[in-house]
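Structure record follows, encoded as structure tokens.
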């Protein structure tokens, strides 16, 4: 199970991690999950956290610690996270190889026959 950050996304996440730090901790990073919601069934949840949850899968890329929610992993394995900054949009985007459909805003998706309980896709 893997998550990929573009150079721009890693740069922005490092900035958010530093700016939101109340105390310096070596475990501070970003947590990614797929949660029930949105117009297509699942939404991406991206948060700055001080440490991983007990069952999180732990990665590091470009000096960014990434904590992947284990239950969400089958839904977002291989996702590429980018950061777009333009006149009409600014924020993180997700390119998910498991998504079978997505909404116009790019913040929610569906994934084959997967259920909201995030079981592996068949």
- prompt: How high is the relative contact order of region 4-104, in percent, counting Cα pairs under 8 Å that sit 6 or more residues apart?
  reply: 28 percent
field: Highest-first arrangement of 61-73, 7-19, 82-94, where packing means the average Cβ count within 10 Å
entry: 61-73, 7-19, 82-94
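Any read-out appearing in this document is the output of simple, stated calculations on the displayed coordinates, not a laboratory observation. Small disclaimer: the values here were computed from a predicted structure and weren't measured. In this analysis, Cβ positions are derived from the backbone assuming ideal geometry, glycine residues included, and neighbour counts consider all displayed protein chains.
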